[in-house]
Structure formats: C-alpha cells, structure tokens
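Engineer: Can you read through this structure? Questions will come right after.
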Amino acid sequence: MNKTLSFLAIPMISSVFSVAQAQSKLKIDGILVNEKSEPISGATIKLSNTGVTTSTDSEGHFTFYKLAPNTYTIEIKAFGYSKHTITAVLNGEDSRLGQIKLSNQSESIDEVAVYGKYYQNYKFDSISGSLRLKTPILELPQNIQVVSSDLMADQQVFDIVDGITRNISGATRQGHWDNQYANIRMRGSKIPAFRNGMNIEASWGPTAEDVSMIERIEFVKGPAGFMLASGEPGGFYNVVTKKPTGHTKGSVTLNTGSFDLYRGAVDLDGKITKSNKLIYRLNVAGQKKKFFTKYNNSDRLVIAPVLTYNIDSLTAITAEYTFQGSSYLTNGNYTFSPKGFADPGIANDFFYGDPGMKPGKLRDHSAYLYFDRKLSQKWKFHAQAAYFNFDMKATSTWLAYMTAEGNMPRTYSIADEHGENKFGQFSFNGEERTGNIRHRILAGVDYGNKKFWGDFRSLLPEDPITKLSVIPWDPLNVYNPVYGIPESVFPEADRSLSIKERAKSQTYITNSSYTSFYVHDEMAFLSERLKLSLGLRFTSSSVVSKTDADPTKDKVWSPRVGLNYLVTPSTSVYALFDQSFVPVAGTDWEGNAFKPIRGNSMEAGVKKEWAGGKWISTLSAYQIKRKNATVPDPDPSHVVGNTTFQIQLGETKTRGIEFDITGEIVKGLNVNANYALTDSKVSKDTRAENVGNITPNTAKHTANAWVTYRLQQGPLKGLGFIGSVQGMFDRAIGTTKESNFKNYLRNDAGISYQYKRYNVSLMVNNVLDNRKLMTSGSTGGRNAKITESVAYYTYIVEERRNFRLGVTYKF
C-alpha cells in the first residue's frame with residue numbers, strides 16, 4: 001500500500017511544482033461557424049506541425065495554449081463540412097483567428113471518425129450546456145471530472161451501475177438493488193443523480209440509465225449552487241443524454257459474453273429536412289442477460305428518440321422521450337452467511353431467491369422539453385421542463401433469520417413502487433463588462449416536485465409467537481442451496497387497488513417540492529487570468545410524508561465564493577467556499593419525513609493541462625461538514641420484507657485529497673487514473689460514543705487506473721491493448737472507529753482492433769478470478785424469539801472471471 005501511495009505521489013508532486021516551470025505563453029484561438037454563421041461544435045482541430053489536437057465547444061470555440069513563436073498549419077475536420085486548412089503565425093503575440101467559416105459538404109465518415117478516434121478519447125475541455133457555464137474546466141474553481149462515451153464504450157459498460165465509478169477519484173458504488181438504481185458515494189456521502197441538469201434523485205431511484213442513451217457523465221465534486229437549485233455538499237453526477245447533432249451518422253453495436261449475455265444497440269443521428277430545420281437522434285437498445293447468480297436475470301429494452309426544431313438561427317426547441325423497461329427475478333444479488341463476509345463455503349453463484357417466484361417488471365418513462373433562444377451576441381435564454389413516471393410491480397424475499405448451520409428461512413413480500421416527478425428550469429446567461437472587468441452572469445429559477453408511493457406488505461401470514469412471516473417450505477441452506485419451490489406456494493399479490501390507495505395504509509408516501517432562485521457572477525481581472533466567482537441562491541422547500549399534515553418546510557440562503565488564477569495558460573490554481581441545502585425525500589422507520597441536509601464545503605486545488613492540452617491532471621483538497629447525514633438503520637428489526645430504512649446522524653466531517661489524470665499521454669496511449677484519500681467521521685451526535693466513528697460505507701483509500709494503447713502504424717495498425725486495476729482500501733461499514741471491511745482489488749484486461757468503420761473488442765473482467773470482491777456489507781443480530789437464531793452477515797459479492805465481446809460498425 002505504501003508503495004502504491006508513493007507511486008501516486010510522483011505525478012501529484014510533479015503537477016504542483018510544474019507551475020514554476022518556464023513555459024511559452026502564446027496561444028491561437030478561433031470560432032468555427034457554418035455558412036449561416038451558426039457555431040459548429042465537436043469539430044476536430046489539429047496543429048499539423050506538432051500533432052496537438054483539440055475540439056470545438058458548444059459555441060464553436062477552440063484554443064491552443066502554450067505555443068512557441070512559429071508558423072502553424074491548422075487542419076479542421078467536422079462531420080458534414082469540407083476539410084479546411086489555414087495558417088497562423090505567432091511572432092510574440094497571440095493569434096486570434098476570429099470566425100472561421102466552413103462550407104457544407106458530404107464527407108466520408110471513415111476518415112473523420114478514425115481521425116478523431118485517436119485523439120480526445122477521454123478528455124473534455126468544457127462542461128455540458130446542461131450545467132450552463134461557458135468557462136473551460138481548467139478555469140473553473142471546482143473539481144469536475146467527465147466520463148466520455150468513448151471511455152464507456154472501451155470499458156464495455158452497459159449502464160450507470162456497471163463500473164462507472166472507477167473513472168472518478170473517491171467515487172465508489174455501494175451495491176444494493178443493482179437491477180434498479182445506482183447507489184454512488186463520494187466525499188463521505190451518497191450523491192444524488194441528475195439528468196440533463198435536473199435533480200431526479202428518488203427514494204429508490206432513479207432507474208439506472210442505459211449507456212446507449214448517455215453522451216457523457218459529469219461528476220461535480222462539492223456543492224454547485226451556481227449550476228443547480230440545490231446539491232449535496234459531496235457533489236452529484238449529471239447524466240447528459242444524446243442529442244441531435246445535425247450530421248448524418250450512426251452506429252450499431254452487438255455484445256455477447258459470459259452468463260448468456262446478448263445485447264444490441266443502435267444509434268442514429270441525422271436530419272429530417274435538408275435545411276437542418278428538423279433533426280433527430282434515435283437510440284434503441286435491447287438486452288438479455290443472466291446474472292452470475294443462479295436463475296436471476298436482467299432483460300432490458302431502451303427507446304430514446306429526440307427531435308430538435310430549429311425555428312431560426314437564434315431559436316430552437318428540442319423534445320426528448322426515454323423509455324426504459326426491464327424484468328428480473330430479484331432486484332439484488334445478496335449473500336448471507338453465519339460465519340463472515342466473503343464466506344469461502346458459499347458458492348459465487350449463490351442465489352437468495354427461487355425460480356418459482358414471480359418476476360418483477362420495471363417501466364420508466366421520462367420526457368424533456370427544451371427551449372433555447374439567443375437574445376444577442378452576448379446573452380442567451382434557456383428553459384426546460386421534464387416529467388418522470390416510474391412504475392415497478394414486483395415481489396421480494398429476504399432472510400427472516402439465520403442458523404449456525406446456514407439455514408435461512410425467508411420472507412415473501414410485495415415490492416411495488418410508483419413515482420411521479422415534475423421539474424422546471426429557466427435561466428439567463430451572458431457577458432458584460434464594467435471597465436476592465438469582464439462579467440459572466442448566470443441567473444435563473446429551478447422548480448421540482450417529487451412524489452413516491454410504495455407497497456411492501458408481507459404476502460404471508462404472521463406467526464403469532466415469532467411475529468415472522470416465512471415461506472412455508474424448507475429453509476434455504478446457504479452452503480447447500482436447493483431450489484425449485486412450486487409456484488403455488490407463493491401467493492398472488494392483490495393489486496385490485498392502485499398503489500396510491502394501497503400506500504395509504506402504510507408509511508411509504510413522500511411528497512417533496514422545492515423552488516430556488518439563484519444568481520452567479522464570474523468576474524475576470526488581469527487580462528482574464530484571475531477570476532472571482534460570487535454566487536447566491538435562495539431555496540424554499542417542503543417535504544411531506546404520508547399526509548399533508550405538518551410538512552417540513554425550509555427557506556435557506558446559500559452563498560458561494562470561488563477564486564481561480566491562471567498561473568500559465570495551461571495551469572490554474574483555485575479555491576472555493578460553498579454551502580449546500582438538499583430537501584430529503586423519504587422517511588425513517590417510524591414514517592417521519594427526513595430533515596434537509598445542510599453542508600459547508602471548502603476546497604482548493606491545482607489543474608494542469610499537459611502536452612498541449614492532450615491530457616489534464618487535477619489535484620484537490622477539501623473539507624466538508626455535513627449535517628443530517630442519512631445512513632442505513634442498523635436495527636435488524638427495522639426491516640419489512642427485504643426493505644431496509646435509513647436514519648439521520650447529527651454531523652459528519654470529511655477531509656480528503658483527490659488526484660485525477662485523463663487524456664492521451666502520448667499518441668495512441670490513453671489513460672484514466674485517479675487516487676483519493678477520504679477521511680470521513682462522525683463529528684457530532686446525540687450519543688457521545690458515536691463521535692469519532694467512521695462514516696459508514698467509506699473507503700479511506702481508493703486508487704484506479706484504466707490504460708489503453710493502440711498501435712498507430714505498421715501492419716498491425718489499429719490493434720489495441722487494455723489494462724485496468726480498481727482498488728478500495730481501509731473500508732468501513734456499520735458503527736466502527738477502525739476499518740472493518742475487506743479491501744477490494746480487481747484487475748481487468750482486454751484487446752481490441754479498429755479498422756475503418758469497424759471496432760472489435762474483447763474484455764476479460766476480474767481476470768485474476770478474485771471471489772472476495774464485495775460492493776457492500778452489513779451485519780445483523782440474532783432473533784431473540786428464535787432459539788436456533790444466530791447473528792449473520794449480509795453482503796454483495798461481484799461476479800467471478802467473465803468476458804464481454806463487442807463489435808461496433810459506424811456508418
């Protein structure tokens with residue numbers, strides 16, 4: 001472990017001290033537009049003298065930094081436009097090329113796709129429009145990391161649950177209902193899920209997005225009131241869905257692999273009218289997959305059409321709909337043991353359910369409507385609305401109690417859920433000047449309403465003595481499981497009433513609403529090398545549980561101050577103070593609505609771009625004080641069927657250091673590597689003995705690396721090699737002051753071949769066949785009413801060695 005930390009410290013120290021190195025400071029910048037003077041985004045811009053490559057942002061801007069005086073040839077390529085070459089001369093001053101106009105021309109996708117594939121695979125220069133800031137990532141006073149669709153394709157991940165966190169320092173996934181949603185933690189807390197800039201976090205959701213619909217995933221570390229109405233002090237992740245580009249292109253991907261995996265995905269991007277007035281994007285994916293556990297499965301269908309109508313060169317309306325449907329036998333893949341975690345006596349394919357149980361079905365509909373209007377050369381207006389309708393009809397089983405021999409009687413319950421969410425946003429974004437000070441101003445309003453209903457009643461009669469409702473069949477033995485309970489043993493769930501009516505007799509109803517007004521000003525001084533960001537937001541929220549009586553209402557002002565200084569054109573240092581406020585949906589065991597989360601965050605860091613912007617490193621340090629943190633309820637009696645609950649602690653304090661590098665280190669070698677030290681502990685609590693406890697489900701050290709290398713020339717040009725390592729160390733669960741959960745170390749490897757429009761990739765996951773890789777764990781006490789009952793361990797272990805084979809064809 002010490003060797004690992006020492007190795008990781010080398011690039012960290014190099015990043016810090018590199019700011020003192022003497023460097024050239026000249027730059028070339030320009031704006032790429034079409035014949036209608038509309039910006040062209042995503043174009044590939046290359047300095048042919050040096051091989052350095054960048055791409056245009058959403059406004060068509062591009063910049064090359066840290067250039068020496070010379071004459072440079074610039075090659076420009078973009079889908080649907082003719083190839084363009086220009087010359088720029090640097091003689092001691094920056095070269096500002098202004099607008100560069102490209103003419104329309106049908107161009108072969110082979111040249112452009114392959115040309116761009118070797119560059120900018122993993123690195124982005126700017127955040128998405130859904131976060132509404134124009135400032136480049138290098139100059140933002142916050143640690144923001146982006147996972148690109150190229151990186152996800154190389155890793156052959158299929159959804160947000162499927163290994164995404166390896167790409168972000170300090171981010172970990174806690175296993176739970178992996179068939180339903182992602183439970184991601186960062187900087188000492190569970191972080192909420194956003195989609196296209198809207199907080200869609202739910203009690204047990206949102207549905208894990210399929211990778212076919214994802215353009216990128218942005219991990220914003222720390223609060224972000226200037227982007228959103230509210231946010232966790234630890235941050236959030238923002239899934240950006242695919243949108244029409246106005247260029248005709250597409251791809252087909254087929255995958256197969258271990259555990260009877262069969263998957264297909266189609267991505268179509270094009271124009272309905274030749275004038276580009278009406279353009280579209282359509283993504284469709286279907287999947288049939290068994291889990292590594294016996295009998296469990298995950299079948300999925302995704303349909304995601306998007307239409308954009310360009311009313312004129314200044315105004316556009318976009319409509320987006322997504323359907324995600326899935327079926328499964330059980331929502332998770334838990335293992336139970338009377339002896340300990342990763343019990344070697346229990347097979348890796350252990351399944352706690354039974355094939356005789358009724359399969360669950362999940363249906364998730366979402367719709368977005370966007371309106372964009374360019375008010376002037378400096379100002380824009382954006383508005384969007386969204387509606388989510390989630391419905392799950394399922395049954396579930398869970399351990400009733402455990403015996404020393406491994407016998408496990410099980411409960412059987414209904415597990416129906418329904419959610420309806422509505423969101424609205426509008427904002428103004430623009431630039432003004434007061435003397436020599438440049439202002440980037442953002443002001444807007446966010447609104448959200450989230451409703452949830454749940455029905456988790458037991459479907460079996462209760463024993464009057466033990467107060468347990470167990471399946472009337474032989475208990476499942478974890479060491480010698482026997483399956484095949486007749487379907488007739490499992491009673492049919494009564495769904496004659498709607499779930500909204502059924503939930504009234506229970507405690508599983510929540511209704512949360514918020515409205516937020518915010519303003520943010522980024523002021524630039526000293527020829528835009530020094531940037532001061534000031535933000536303020538006001539949030540009014542209401543959280544109601546079960547009835548409208550006595551709602552929890554809060555009105556909060558939250559300030560933000562950020563500072564960024566460009567030491568060189570490729571190196572920046574920053575500092576940030578922010579406060580956060582999050583209305584919390586859900587209830588505790590007694591049905592009480594949760595209090596809002598409040599947090600203070602301080603952060604400082606260094607960012608540096610290397611090799612002319614081909615790759616970037618980020619080093620950050622932070623401290624977060626987070627009040628009203630939610631953690632799993634440790635009381636084993638607070639379980640209904642397989643549904644567990646949460647409680648709120650007083651305050652946790654989290655301190656940490658994070659380091660990320662991503663991009664193309666040398667030509668053909670792409671790397672995504674990161675390390676994080678996270679020290680998160682309870683600092684205040686109603687019980688003195690809890691102070692000093694490690695925040696549950698925290699890994700003190702995480703370290704990950706993903707490396708790909710593709711041959712650039714010779715007879716084997718296009719052949720690629722892949723290596724990956726993921727590590728979590730000094731992990732803690734439950735109530736403890738010392739680490740008490742097994743370390744996690746996984747290795748993956750692969751090989752790929754790219755030729756013109758084709759790409760073939762083989763990935764072997766868990767190549768060393770480690771059977772002790774766990775994503776979550778907890779302990780339960782014995783049931784005092786059952787003589788033979790003993791304490792037990794609950795955990796989720798990852799699959800044994802497995803492979804995935806993918807073939808992609810682009811057209």
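Every number here is computed from the coordinates shown, using simple stated rules; none is lab data. Source: prediction; values computed, not measured. In this analysis, Cβ positions are derived from the backbone assuming ideal geometry, glycine residues included, and neighbour counts consider all displayed protein chains.
Engineer: According to a simple spin-label model (label point 7 Å from Cα along Cα-to-Cβ), what is the distance in nm between SER275 and SER82?
Structural biologist: Placing both labels 7 Å along Cα→Cβ, they lie 2.4 nm apart.
Engineer: Would you grab the residues whose amide H sits under 5 Å from the one on HIS84? Only those 5+ places off in sequence or on another chain, please, with H modelled 1.01 Å from N.
Structural biologist: For HIS84, the qualifying residues are ILE76.
Engineer: Can you tell which of ALA524, ILE499, THR630 lies farthest toward the positive end of the dipole of the chain, using +1 and -1 charges on the Cβ of basic and acidic side chains (Lys, Arg; Asp, Glu)?
Structural biologist: So the residue we want is ALA524.
Engineer: Could you run the Karplus curve 6.51 cos²θ - 1.76 cosθ + 1.60 with θ = phi - 60° over the range 257-268 and give me ³J(HN,Hα) per residue in whole Hz, x for Gly and Pro?
Structural biologist: x, 4, 6, 6, 8, 9, 8, x, 9, 10, 10, 10
Engineer: Given SER617, ILE437, PHE803, which one lies farthest toward the positive end of the charge dipole of the range 249-810, if we put +1 on the Cβ of every Lys and Arg and -1 on the Cβ of every Asp and Glu?
Structural biologist: Towards the positive end, the residue furthest out is ILE437.
Engineer: ³J(HN,Hα) across the range 486-495 via Karplus (A = 6.51, B = -1.76, C = 1.60, θ = phi - 60°), whole Hz, x for Gly/Pro?
Structural biologist: x, 4, 5, 6, 8, x, 6, 7, 7, 10
Engineer: Short version: ³J(HN,Hα) in whole Hz for each residue of the range 146-163, in order, from phi by Karplus 6.51 cos²θ - 1.76 cosθ + 1.60 (θ = phi - 60°), x for Gly and Pro, what are they?
Structural biologist: Once θ is set to phi - 60°, the couplings for the range 146-163 become 10, 9, 7, 5, 4, 5, 5, 5, 4, 7, 6, 8, 10, 7, 5, 7, 8, x Hz.
Engineer: Moving on. Order these peptides, 385-392, 781-788, by their mean beta-carbon neighbour count within 10 angstrom, highest first.
Structural biologist: With the highest mean Cβ count within 10 Å placed first, the list reads 385-392, 781-788.
Engineer: Along the Cα-to-C-beta direction of LYS101, a point sits 7 Å from the Cα; which residues of the range 292-319 have their amide N less than 20 Å from that point?
Structural biologist: 312-315
Engineer: Out of every Cα-Cα pair in the chain, what percent are more than 44 Å apart?
Structural biologist: Cα-Cα pairs of the chain separated by over 44 Å account for 25 percent.
Engineer: For the chain, what relative contact order do you get, as a whole percent, if you take Cα pairs closer than 8 Å and at least 6 residues apart?
Structural biologist: Over the chain, the number comes to 11 percent.
Engineer: Treating only the Cβ atoms of Lys and Arg (+1) and Asp and Glu (-1) as charged, compute the dipole magnitude of the chain about its Cα centre; round to the nearest 20 debye.
Structural biologist: In debye, rounded to 20, the chain gives about 1420.
Engineer: Moving on. Based on the Cβ-Cβ distance of LEU497 and HIS638, what FRET efficiency does E = 1/(1 + (r/R0)^6) give at R0 = 30 Å, to the nearest 0.05?
Structural biologist: Using R0 = 30 Å, I get an efficiency of 0.70.
Engineer: With a sphere of radius 12 Å drawn around the Cβ of THR643, what net charge do the other residues whose Cβ falls strictly inside it have (Lys, Arg +1; Asp, Glu -1)?
Structural biologist: Around THR643, the charge tally is -3.
Engineer: Straight-line reach from LYS358: which lysines fall under 19 Å, measuring Cα to Cα and dropping same-chain residues less than 8 apart?
Structural biologist: The reachable lysines, counting only those whose Cα sits under 19 Å from LYS358, are LYS288, LYS289, LYS290, LYS294, LYS393.
Engineer: Please give the length that would be gained between VAL89 and LEU711 if that part of the chain were fully extended, namely 0.36 nm times their separation in residues minus their C-alpha to C-alpha distance (nm, one decimal).
Structural biologist: Extending this stretch completely gives an extra 220.7 nm.
Engineer: Quantify how much of the Cα-Cα distance distribution of the range 39-78 extends past 15 Å, in percent.
Structural biologist: Tail fraction, whole percent: 37.
Engineer: Could I ask something else about it? Report, to the nearest 10°, how far helix 2-17 tilts away from the longest principal axis of the Cα atoms in the chain, using its own Cα long axis and a range of 0 to 90°.
Structural biologist: 30
Engineer: Quick one: which residues, 5+ away or cross-chain, put their amide H under 5 Å from the amide H of GLY353? H built at 1.01 Å from N.
Structural biologist: Counting only residues 5 or more places away or on other chains, the set is empty.
Engineer: Based only on Cα atoms, what Rg/Rh ratio does the range 362-490 have, Rh being taken as Kirkwood's radius?
Structural biologist: Dividing the radius of gyration by the Kirkwood radius yields 1.36.
Engineer: Counting only the backbone N, which residues of the range 376-406 are under 12 Å from the spot 7 Å out from the Cα of TYR447 toward its beta-carbon?
Structural biologist: Flagged as within label range: 384-386.
Engineer: Would you be so kind as to identify which of LEU26, TYR412, GLY727 lies farthest towards the positive end of the dipole of the chain, taking Lys and Arg as +1 and Asp and Glu as -1 on Cβ and the Cα centre as origin?
Structural biologist: Comparing the listed Cα positions along the dipole, LEU26 ranks first.
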